[in-house]
Every structure is written in C-alpha cells, then in structure tokens.
Amino acid sequence: MKKITALSALSAAALAIPSHSEVAPEDTTLSYRYSSYQEEEAPFERTFSGSLERYNIDVHQVGYRTPIADSWYLSSELQYESLSGASPTQTYKNDDGDSVLLMSGASIEEQRIDIKVAPKKYFKDGTAGGLLAYSTENDYESLAIGVDGSLEIFDKHTTLIGSMSLSNDTIKPTDANLSSARQEADGKKKSSFSIYEGVSQVINKYSVLQVGIGYTSLSGYLSDPYKFDDRRPGGREQLTLSAQHKQFMDVLDGAAILSSYRYYNDDWGVASHTIDVQWAQQFEISNYQIIATPLVRYYTQTKADFYSLKYSIANPLPADQLNSSDARLSAYGAITFGFTSEVKFSQWSMHFDWQQYYSREDLALFESSGDETPALVNFSTFTAGVDYKF
Amino acid sequence: MNKISLIILISILFASGCTTVKPWQRGYLAKDVMGTQDSLRASLDNHIYFSKEGSSGGGQAAGGGCGCN
Amino acid sequence: MKTHLHQFTAMASPCKFILQGEESLILQACQQAEAEVVRIEKKYSRYQQDSLLQTINHYAGKQAIEIDAETAGLLNYAQFCYQESNGLFDISSGILRTAWDFKSQNLPSQKIINKLLPLISWPSIKWDKNSIFLPKKGMEIDFGGFGKEYAADRTAEICQQVGIKHGLIDLGGDIRVIGDKEDQSGWAIGIRNPKDPNKAISTIKLHQGALATSGNYERFMQVKGKHYCHILKASTGWPVNHWASISILAPQCLVAGSLATLTMLAEKQGLAWLEEQEVPFLAIDIHGQQFSNL
C-alpha cells in the first residue's frame, strides 16, 4: 500500500472526469474581429465615366456571449463599418455591342453601425430564442425582430429547427436633390417577413445532415436610388431550399468535410445555385489546437426578368416600365477560394481568414448571354480576430 | 408547396438508412472541426454575399437588412 | 423550509433525494437528477446488452471500442485505484461473479477460479483517451465498484447547478451532500451495524461532502461457519475477511467509496494505511471491534 498520496491522487483523478451534461453553454466569450474588404478596380477600358476605385470597407466586430440566469444564454454583436469608394450607376450596351460602365463620381465615405441581441433559453429537449437587430448608416436604417426554436425528437437523432423574422427599413438617400430617383426614394420604407424550417438528422456517429426550406417576402421600395433607370417591382417573393452536411474524417488529429448547397428562386426571375465545400483539418501541437480550413464556393445565378442593358441617356427608360442594369441582377457565376484558420490555447483563440472572390459573366452555368458585365466585381477579404473565454 | 416539400425532405432523410447513435458516441459530432458556429464570421459572410449577389437567405430566417449598394 | 423526499429504484438499489427548497426548483432537480442516474446506469450497465460497457466486453479479444471523455476519465480513475491498492483493486475482476454464487451456499471450485484468474489483468488492457481493447476473449471490465458513488457525485452536481442549496443524494447507502440543512444542523446519517444491518451502530452529522461504506454484509454466504463476502481479491479470486465494514468521509463520494473498498481489500494492513490518509473513518472488524477517528 502506498502512503498518504492515495486520497489526493484519487481526488485529483475524480475531479478530472468530465461530466456529460447537455446544458446551456456555461462560458462567457468576448470576441473581436477586424476585416478588410477590398474590391478590384473597375475595368479601365469599359468605364466611361466616374471613379475607377470601387469599395474598400473596414469592419470591426465585437461579440459578447454569456450565460444569464438559469438555462438562458445571451449572444450580442456590435459591428462598425467604414466604407469608401465608388459604385456602378449604370451599365448599357453601346452601338458596337460593347458594355459601357458608368461609375459614381468622387468616392463616398460612409459609416454603418449594426447591433444584434439574441437571448436563448435551453430546455431538456430543445431551445427557444429571440433576435433583435438594428442597423443605421448615412442613408438607411433597419430594425428587425425574430424568434427561433429547436426541438429534439426520436431519441435526439432528429432536431426540428424553425425561425421567423420581420424587418422594417427606411431609406434616406444622401444628396436627395441630385436625382429624381433619390428624391422619390427619400423616406420610403421596405419591409420583410421571413421564415425558415429545417430538419437536422444524425446519420451516424460521424455525420449529420440538415435540410431546410426558407421563404421571404419583401415589399416596399426595392429599387436602387443611386442607379440610373433602375425601377424594380414593389415586392419580391423568395424561396430557398438548402442542405448542409458535415462528415468527420479520421485524418491526423481529426478532420471534417463540411459542405452545403442552396437553391434560390424568386419572382423577379433570379434563380441560383450555391455550393460550398470546406475541409477542416485539426492539428494538436503541445497545448495548441489549430484548425486550418481551406474552402471553395461556386455560385451561379440567372438574370432578373427586367434586367437589361438597353437603356441609357441616349435611350431613356419609359415611365412605368421595370428595369435594372445592376450587375447583381444579371446572369453570372462566381467562385471563391479561401481559408479560415483558428489557433486555440487555454482560454484564447485567434482567427485568421482570407477569401478571394471572382465574378464573371462566363462563369455562369445557365443563361449566359454573351453581353459583357463590367460591373461585376472581384473582391478579397481578410479577417483577423481573437476570442477570450472566461 | 412548402408542406409537401418538407414531408418529402423528411422522408428522404429516413430512407437514407440512419443508424442509431448512442449518446456517448456523440463525441465526433460535437468536435470543433465539425464546425462550431462562428457567428461573427457568418454575419460578415452573409452581409457580403447578400449585398453583392442576387440571392439571399439559406440556413435561417432573414434577420435585419442594410442599404447595401 | 419543507423537506422533500424523492425515491426510486436504480442500479439495483433504493435511491433517495432529500431536498429542501422551492417547490418548482425541487421538481426540476429531481427530474434532471434522476435522469442522470438512469443515464449512467444505462451507459455502464452490465445487464443491458447495448450499454457501452457490454459493448466493450462483447468485443474482448476481437476489437477496440471507441470511448468518450467521460469513460476515459473513469478508466483513468480505475488506473489510480489499481496503483494505490498495489493491484488488489482491479476492474477486470468482475468475471469472478461467474464462480461465486452467493445464493447457493456452495463454494466455487478452485479449478474454475484458476481458469478465471489469467483473465483478471488490468495492466494488460490497452486503453487511451479514445478507445479501449480487452486483449483476451472472456475478459470483462466492470464499473460496479464505483458506479453508484460516481453517480451520487454527478447527481449532486446537477442539483447544485439547478440551484438546490440544501439536500443530499443517497444511492443505496452512498451519500453525497448537496448542501447543509437549511438550519445548518447537518444531515443525520446512520452507519449500519454489520451484525444487524437494519440498525445503526453509529450516527454521523454531515454538513458537506460524502459518506460511503463498504461492508461484508451486502452480499455474502456463510458456509461451515465461515463468512464469504462479495469483495473478492483480484490476486486469489477469494474474498477478504478482516473487516465487517469501513465507512469513509471525503469530499467526493467516488473517492470515499474507493478508499473504503481499498481498505477492505488491504485487510489487516488497511488500518495503518487508512490512518495515513487523514480522512475521517469508522472501521469495524469481523469481531466487532471499532476503530475510528471521527
């Protein structure tokens, strides 16, 4: 029999046994992220007027998550963005069949603040939560509320997920006197109603699949007041069908393939497919846990029914006719390459993410027209962040 | 249309032959590599994609908006 | 403040929660705490074919089984018990139950015991934080030696998390205090008289921590005037026979229970060892002599 150490040895060993409870998270986490978003310059040879320099945005995000009271958890986010640069005002096809891009003049400088607060209650078999979100910027203000819930059934192999939200936005274009479109939009509102229903299913101990359906209805002023000849419908109905799959892979210290697919369709004629695949690879080096995740994303969309490059100062848009030359409503495809990474040690974790996005009319899988879309933009983002858990 | 799609989706799930996983086998599904929800990154990504592309939505209800141009 | 008693049967024992506090809080605590006892029982049961434990035992000699962090923690604890007892406490010794039938009044044949002894070998078991492999067919591990005590600790913790401040957990005699009685007078616990287990030989007032008892009267048989109890030595396959009961007070029920079992296994040397541990104890030997520092 060994001496005095038995009590202390056993006590220490007993304390080291982790418990298995599935209760609300118990940690408080404080997070900060800085992101830099940079768009590539507009193509010189296609830009007829305005600034070539597109958007550069600096984003600061602060997150605070903490347990409050009994089985309640609160998540909150504050985001501050500062934006500078110019954006397309119109694209039209000239007599030679080339697309001409008009950019806005001197670069703007704007700030935006966004706050989200989401409390959540944890029950034995599910959760119920709410969301309050508010954002404000020079020319726009938005308020949204939402509720969400989840329910575990079939011996917790299946989770039903649902959420619903409502939002109400107000538009106040800067320099309203500069155009009739801006004047018309001044003080206009936009509201939305959105629901999502999903089911998450444990397939086996290494994988889980979630599928879901979403519906959103927008109404109000949906046009872009800063663009010429941009007149969009007063409503938009959107449907999404999505699936996310996670598969654990026993590679090195652990890895996973995370993939997702979304089909989108709306009554403006835009339909899209999005697929993204990530490989998350974990490394454990002494007390550090590192997860490096390269990712690729492909996106393709069809054009809106009223998208055209027909109208310009030489050929004005008739009254009461819908139209937009916004590249975001054209048929195009986009591909993103990037990686996210996380380094965790004791209560800290550091994040470094990067992505490069290319959008081109000839990357579209469907309906590509052969028209150039010089307003399509390539951008890159870089994020650095830190989390502290206590 | 919504209800029928949901029923079809659920049926596909059960037809795929899911095995029973005991609670103590859940470890793999909860591992960090399996994607802990980094909500700040998700917020930023959604904000960028929904303002730069013609589609929005996906894994949850819409939430707030922005004057994204 | 009213005292609420919640009783049920689990782990083949009468289980009691004695709680003081607000009605709805007590209800919530009882639900979650009982669910936790049932969860641990299901996971480590030797009687349910699809429990994790039975799965590990079923694949002995065939393949390794993946385990989770909780199980790895318990195996690590079993390792410490093996070390501290110099091999007398061995969780692979459960197979001896096939030789010992305490209802039969018949002693087992030495031949059968000799066949089982090579299968009792904790050091030969390969395990790490992710998996365990029992190398020989017929080997088994059994958490019965500390399952109830572990459950008592976890259950008390859940009650504390729910917000219960006054109460105790009693799983078949393994006690863990959640918090002192509201009037701070301590919970009165009786220690069974080994010669007359329905009566208390001594009463202790417990304000915090745990009390666990190991006794030779829990399962036993008398053959030709000799007493054979259920606590079997891993090295010989035969029962210990020096102590009638050992009761230990320690902050965790798991530790209290293990120290009690280890003392029983150490037989005569147990007393000196126990005194070195500097824990409060009451030891009663088979002749009825009491040793205590309470």
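The values are calculated or read from the model by the stated rules, or taken from the named source; none is laboratory data. This one's a predicted model, so the numbers in the text were calculated from it and none came from an experiment. Here the Cβ is made from the backbone with ideal geometry for all residues, glycine too, and neighbour counts use every protein chain on show.
Some values worked out for this structure:
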{"quantity": "Helices (runs of 4 or more DSSP H) contained in the range C:52-121 and holding at least 2 residues closer than 21 Å to C:Gly147 by Cβ", "calculated": "C:52-58, C:69-84"}
{"quantity": "Residues of the range A:258-306 satisfying the condition of being surrounded by fewer than 16 Cβ atoms within 10 Å (Cβ to Cβ), farther than 14 Å from A:Gly338 by Cα and in contact with a Ser or Thr (Cβ under 6 Å, 6 or more places away or on another chain)", "calculated": "none"}
{"quantity": "Any hit, the range C:109-126, residues being in contact with a strand residue (DSSP E or B) (Cβ under 9 Å, 6 or more places away or on another chain), surrounded by fewer than 20 Cβ atoms within 10 Å (Cβ to Cβ) and more than 29 Å from C:Glu70 (Cα to Cα)", "calculated": "no"}
{"quantity": "Yes/no for C:Ala29 being assigned by TED's automatic domain parsing to the domain that holds C:Ser235 and either aliphatic (A, V, I, L, M) or in contact (Cβ under 8 Å) with a residue 24 or more places away in the chain (or both)", "calculated": "yes"}
{"quantity": "Index of the failed condition, A:Glu342 passing every other in (1) within 17 Å of A:Trp279 (Cβ to Cβ); (2) more than 21 Å from the chain's Cα centre (by Cα)", "calculated": "(2)"}
{"quantity": "Sole exception among (1) more than 22 Å from the chain's Cα centre (by Cα); (2) away from every other protein chain (no Cβ under 12 Å) for A:Asn56, by number", "calculated": "(1)"}
{"quantity": "Any pair with Cβ under 6 angstrom, 6 or more apart, that starts in the range A:188-200 at a residue that is at the interface with chain B (Cβ under 7 Å from one of its Cβ atoms) and ends at one that is among the polar types (S, T, N, Q) and not in a strand (DSSP E or B)", "calculated": "A:Tyr196/B:Gln60"}
{"quantity": "Residues satisfying the stated conditions in the range A:149-193, i.e. in a strand (DSSP E or B) and among the polar types (S, T, N, Q)", "calculated": "A:Ser150, A:Thr158, A:Thr159, A:Ser163, A:Ser165, A:Ser167, A:Asn168, A:Thr170, A:Ser191, A:Ser192"}
{"quantity": "Residue, farthest from the chain's Cα centre (by Cα), within the range A:104-144, restricted to residues that are buried (at least 18 other Cβ atoms within 10 Å of the Cβ), small (Gly, Ala, Ser) and under 30 Å from C:Ala35 (Cα atoms)", "calculated": "A:Gly129"}
{"quantity": "Residue ID - nearest to A:Ser308 (Cα to Cα), chosen from residues in the range A:85-103 that are small (Gly, Ala, Ser) and either crowded, with 22+ Cβ neighbours inside 10 Å or in contact with a strand residue (DSSP E or B) (Cβ under 9 Å, 6 or more places away or on another chain) (or both)", "calculated": "A:Ser99"}
{"quantity": "Residue within the range A:54-61 that is at pLDDT 85 or above and not in a strand (DSSP E or B) present", "calculated": "yes"}
{"quantity": "A:Leu239, sole failed condition from (1) under 29 Å from A:Ser312 (Cβ atoms); (2) modelled with pLDDT of 95 or more", "calculated": "(1)"}
{"quantity": "Subset of the range A:374-390 (residues that are away from chain B (no Cβ under 12 Å) and either surrounded by 20 or more Cβ atoms within 10 Å (Cβ to Cβ) or in contact with a Gly (Cβ under 8 Å, 6 or more places away or on another chain) (or both))", "calculated": "A:Pro374"}
{"quantity": "Selection count, the range C:149-196, where residues are free of Cβ contacts under 8 Å to residues at least 12 places away in the same chain, assigned to a strand (DSSP E or B) and touching a Ser or Thr at 6+ places or on another chain (Cβ under 8 Å)", "calculated": "0"}
{"quantity": "Strands (runs of 3 or more DSSP E) within the range C:199-294 that include 2 or more residues within 14 Å of another protein chain (Cβ to nearest Cβ)", "calculated": "C:210-215, C:243-250"}
{"quantity": "Residue in the range A:235-255 that is within 30 Å of A:Asn177 (Cα to Cα), assigned to a strand (DSSP E or B) and either more than 8 Å from chain B (Cβ to nearest Cβ) or in contact with a Phe, Trp or Tyr (Cβ under 6 Å, 6 or more places away or on another chain) (or both) present", "calculated": "yes"}
{"quantity": "Flag for A:Glu41 being part of a loop (DSSP other than H, G, I, E, B), of a type outside the set (S, T, N, Q), within 22 Å of A:Glu109 (Cα to Cα) and touching a Gly at 6+ places or on another chain (Cβ under 8 Å)", "calculated": "no"}
{"quantity": "Test for A:Asp229: is it of a type in the set (D, E, K, R), touching a helix residue (DSSP H, G or I) at 6+ places or on another chain (Cβ under 6 Å) and more than 10 Å from chain B (Cβ to nearest Cβ)", "calculated": "no"}
{"quantity": "Residues that are more than 9 Å from chain B (Cβ to nearest Cβ) and out of contact with any Phe, Trp or Tyr (no Cβ under 9 Å at 6 or more places or on another chain), drawn from the range A:328-358", "calculated": "A:Ser346, A:Met350"}
{"quantity": "Boolean, A:Ser51 is polar (S, T, N, Q) and outside any strand (DSSP E or B)", "calculated": "yes"}
{"quantity": "Tally of residues being under 27 Å from C:Phe17 (Cα atoms), basic (Lys, Arg) and surrounded by 16 or more Cβ atoms within 10 Å (Cβ to Cβ) across the range C:186-243", "calculated": "1"}
{"quantity": "Pair list, Cβ under 9 Å, 6 or more apart: the range C:235-252 residue without any contact (Cβ under 8 Å) to a residue 40 or more places away in the chain, other residue among the acidic types (Asp, Glu)", "calculated": "C:Val240/C:Glu267"}
{"quantity": "Hey, A:Lys120 more than 9 Å from chain B (Cβ to nearest Cβ) and within 20 Å of A:Glu77 (Cβ to Cβ) or not", "calculated": "yes"}
{"quantity": "Residue match in the range C:57-70 (condition: over 22 Å from the mean Cα position of the chain (by Cα) and either of a type in the set (S, T, N, Q) or at pLDDT 95 or above (or both))", "calculated": "yes"}
{"quantity": "Residue within the range A:323-333 that is touching a residue at least 60 places away in the same chain (Cβ under 8 Å), assigned to a loop (DSSP other than H, G, I, E, B) and among the polar types (S, T, N, Q) present", "calculated": "yes"}
{"quantity": "Some residue of the range C:215-238 being more than 27 Å from C:Ile120 (Cβ to Cβ) and among the hydrophobic types (A, V, I, L, M, F, W, C)", "calculated": "no"}
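Residue-wise test of (1) closer than 30 Å to B:Tyr28 by Cα; (2) hydrophobic (A, V, I, L, M, F, W, C).
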{"site": "A:Tyr288", "(1), (2)": "yes, no"}
{"site": "A:Ala319", "(1), (2)": "no, yes"}
{"site": "A:Asp326", "(1), (2)": "no, no"}
{"site": "A:Ser330", "(1), (2)": "no, no"}
{"site": "A:Thr336", "(1), (2)": "yes, no"}
{"site": "A:Ser341", "(1), (2)": "yes, no"}
{"site": "A:Lys344", "(1), (2)": "yes, no"}
{"site": "A:Ala364", "(1), (2)": "no, yes"}
{"site": "A:Thr383", "(1), (2)": "yes, no"}
